[in-house]
Amino acid sequence: MSSPDKFPPEFWSYLRTHPDDEVAAIVRVQALSPEVEQAADAAGARIQRRLKLVPSLAVQASGRALMDLAAHPQVMRIEPDQDVRAL
């Protein structure tokens, strides 16, 4: 299991207490690559989108899968995928 430093504290707490719940998340990586996509797939995450501006994968996965994926050395941060609105 990964350390909590790759997650916002509230998200980490939720994943730890609900490891089997499916959530939408953004997985920020050092670079988009087949290796990272294979790691996401192996962890059980379903890739929804590839984000190129800030190298990231939008995924749907269980909390357990996200915690496993966070152990990959190219994964920098995992955050909940939420709506963003301009002010």
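When the stretch 41-66 is filtered for residues that are crowded, with 16+ Cβ neighbours inside 10 Å and of a type in the set (D, E, K, R), only ARG64 remains. Touching a His at 6+ places or on another chain (Cβ under 9 Å) and surrounded by fewer than 17 Cβ atoms within 10 Å (Cβ to Cβ): does that describe GLU79? Considered against the rule, which asks whether it is touching a His at 6+ places or on another chain (Cβ under 9 Å) and surrounded by fewer than 17 Cβ atoms within 10 Å (Cβ to Cβ), GLU79 comes out as no.
Regarding the stretch 5-13, can at least one residue be identified that is within 9 Å of the chain's Cα centre (by Cα), surrounded by fewer than 18 Cβ atoms within 10 Å (Cβ to Cβ) and in contact (Cβ under 8 Å) with a residue 40 or more places away in the chain? No: zero hits.
Restricting the first member to the stretch 50-70 and to residues that are more than 14 Å from PHE11 (Cβ to Cβ) and free of Cβ contacts under 8 Å to residues at least 60 places away in the same chain, and the second to residues that are in a strand (DSSP E or B) and small (Gly, Ala, Ser), the beta-carbon pairs closer than 9 Å and six or more apart or on different chains are ARG50/SER56; ARG50/ALA58; LEU51/ALA58; LEU57/ALA25; ALA58/ALA24; ALA58/ALA25; GLN60/ALA24; GLN60/ALA25.
Filter the stretch 20-40 for residues that are surrounded by 15 or more Cβ atoms within 10 Å (Cβ to Cβ) and not β-branched (Val, Ile, Thr) and give the result. Before you say what the answer is, go through the steps one by one.
Here is the first cut: in the stretch 20-40, the residues surrounded by 15 or more Cβ atoms within 10 Å (Cβ to Cβ) are 23, 25-29, 32, 36-37, 39-40.
Within the stretch 20-40, ALA25, ARG28, LEU32, GLU37, ALA39, ALA40 qualify.
Where a number appears in this text, it was derived from the coordinates with a stated rule and is not lab data. Here the structure is a predicted model, which means the values were calculated and not measured. No Cβ is skipped: glycine too gets one built from the backbone with ideal geometry, and neighbour counts run over all protein chains shown.
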